[in-house]
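Report on one structure; see the data block that follows.
The values are calculated or read from the model by the stated rules, or taken from the named source; none is laboratory data. All of these numbers come straight from a predicted model, not from anything done at the bench. When we count neighbours, we look across all protein chains shown, and the Cβ atoms used for this are built from the backbone with ideal geometry, even at glycine. These area figures cover heavy atoms from the full protein model, side chains too; ligands, DNA and RNA do not enter into them. Shrake-Rupley method; radii C 1.70, N 1.55, O 1.52, S 1.80 Å.
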Amino acid sequence: MELIVQRRIKQVLKGDQNAFGEIVELYKDKVYQICYRMLWDRYEAEDAAQETFIKAFINIHTYDPGKKFATWLYRIATNLCIDRIRKKKPDYHLDAEVAGTEGLNMYSQVASAEKLPEEAVENLELKETIQAAIFKLPEKYRSVIVLKYIEELQLQEIAEILELPLGTVKTRVHRGREALRKYLRNV
Amino acid sequence: MASCQKEIVRLMHRYLDGELVSGEKRKLKAHLESCDNCQQHFLELKKTIAFVQSASHLQAPEGFTENVLLSLPKEVKTIGMQRWIRKHPFFVAASLFLTLMTGGFFSLWQQETENFAFTKHENLQVENDTVIIPAGEKVKGDIVVENGNIRIEGEVQGNVTVINGEQYMASAGNVTGDIEEIDEAFGWMWFKLKKTAAGVFD
Ligand SMILES: [Zn+2]
């Protein structure tokens, strides 16, 4: 995949915007996923993911082809999300939207879930509980947990994405896991 | 909580990151078998990880790529403009001429060596492609330098514009007006020219 990406980047540098479209296609799900897990709001996540790619396009000449493109791209995405989280009001998540629903928040979701088969409800509720637990994490733990367990990246790569020492990443993964354990132990 | 917790919990996390050597692994295993507290803790951690990993993989919304492409800056237009200017150098020269004329200092713009051009003033010195305002000298009026540099050691009572060049300001140098550097941004320059012209004719 990296090889195709490197070729496309060369084309983008020559001014070919369609080649950039292929790069977006390759990474859109991963980038959107990072943004959604970090922000827990579909519109906010889509907006942040779009901004990630636009920023990548504008700054493509600063990308070092000797390094992994995904690392560079995910760094843009996580930085954008962290910026947005810091600008948010702390009670924001109470109205956060639930995945796969149109204009519903956690409260209305509970009410409408009554119409679904029991098993589906349990599944949905568990997913929401898990996402809520991830979202409850302070942003510095949330980013490492999302990158490690949802994007399934190595600790070394996470350190490069977040531009942190490896030791710091390890500590944050440990603390993030402990916090999540406390939120989810009784589920 | 048992006093064993802290050290053992550290081992658990290092185990989960795949960092334990075999001696440490044996130590952790033996402890978990003998201590209910730690065993419970370890199981909770494993369950937590399984939960987080089960979070379904999401897909970007429909039309995502199209929306990104539509939002990209219209680079193509700028490139088109630059190409067009390269093909019509006379027009660009005429535009510059027009600015200088409308700026009211047409008569001062006389000196030109190939592409290197600048507004002529009495006190200016020229070294290769660098225009120098010597220390202690005072230039009244605006200065435009094209395809060259400017070094300001004295004082300019007016604006300084450098097109495709650089300006160096000595610590004693002083410019009362604005200093602008225009590089390659011909699109922007044309915008500026139009604005200047509009301002004059209004
Ligand atoms: Zn123990």
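Highest first, please rank the peptides B:166-178, B:42-54 by the mean number of other Cβ atoms sitting within 10 Å of their residues.
On the way: B:166-178: 13.8, B:42-54: 17.2.
Ranked from most to least packed, the peptides come out as B:42-54, B:166-178.
Residues with amide H under 5 Å of B:Val131's amide H, sequence separation 5 or more or different chain, H placed in the peptide plane at 1.01 Å from N; which?
B:Asn149, B:Ile150, B:Arg151
Across the residues of B:62-70, average count of Cβ atoms on other protein chains within 10 Å?
Numbers: counts 0, 1, 10, 10, 2, 6, 15, 8, 1.
Average neighbour count from other chains, rounded to a whole number: 6.
Please compute the net charge surrounding B:Gly177, taking Lys and Arg as +1 and Asp and Glu as -1 over other residues with Cβ under 12 Å from its Cβ.
-3
Ignore the peptide's own chain and count Cβ atoms of other chains within 10 Å of each Cβ in A:22-35; give me the average, rounded.
3
Under a 5 Å amide H to amide H cut-off, with H placed in plane at 1.01 Å, what residues pair with B:Glu146 once short-range neighbours are removed?
Amide H neighbours of B:Glu146, under 5 Å, 5+ apart: B:Ala117, B:Phe118, B:Ile163.
Decide, for region B:126-183, between rounded, prolate and oblate: order the square roots of the alpha carbon gyration tensor eigenvalues as a ≥ b ≥ c, take rounded if a/c falls under 1.5, and otherwise choose prolate if a/b is larger than b/c, else oblate.
oblate
With Cβ to Cβ distances under 12 Å as the rule, what net charge do the other residues near B:Val139 carry (K, R +1; D, E -1)?
Numbers: positive: B:Lys120, B:Lys138, B:Lys140; negative: B:Glu122, B:Glu137, B:Asp142, B:Glu153, B:Glu155.
Net charge in that neighbourhood comes out at -2.
Pairs to check: A:Lys127/B:Lys25; A:Lys55/A:Lys88; A:Lys127/B:Lys29; A:Lys10/A:Lys30; A:Lys28/B:Lys74. Give those whose C-alpha atoms are more than 28 Å from each other in this structure. Walk me through the intermediate numbers first.
On the way: A:Lys127/B:Lys25 32 Å; A:Lys55/A:Lys88 21 Å; A:Lys127/B:Lys29 31 Å; A:Lys10/A:Lys30 22 Å; A:Lys28/B:Lys74 21 Å.
Listed pairs above 28 Å: A:Lys127/B:Lys25; A:Lys127/B:Lys29.
Got a sec? Which residues of region A:126-166 lose 50 Å² or more of accessible surface with every protein chain in place, vs. that chain alone, 1.4 Å probe?
A:Ile130, A:Tyr149
Return the value, in Å² to the nearest 100, of accessible area buried between chains B and A (probe 1.4 Å, both sides summed). Display every interim value, and only then the final one.
On the way: alone 14160 and 11110 Å², together 21700 Å².
Buried area between the two chains comes out at roughly 3600 Å².
With a sphere of radius 11 Å drawn around the Cβ of B:Val156, what net charge do the other residues whose Cβ falls strictly inside it have (Lys, Arg +1; Asp, Glu -1)?
That sum, taken over residues with Cβ under 11 Å, equals -3.
Mind checking the mean number of beta-carbon atoms from other chains within 10 Å of the Cβ atoms in B:40-51?
For peptide B:40-51, the averaged partner shielding equals 5.
Out of the trypsin sites (Lys or Arg not before Pro) in region A:44-77, which ones are loop residues according to DSSP with at most 15 other C-beta atoms within 10 Å?
Passing sites in region A:44-77 are A:Lys67, A:Lys68.
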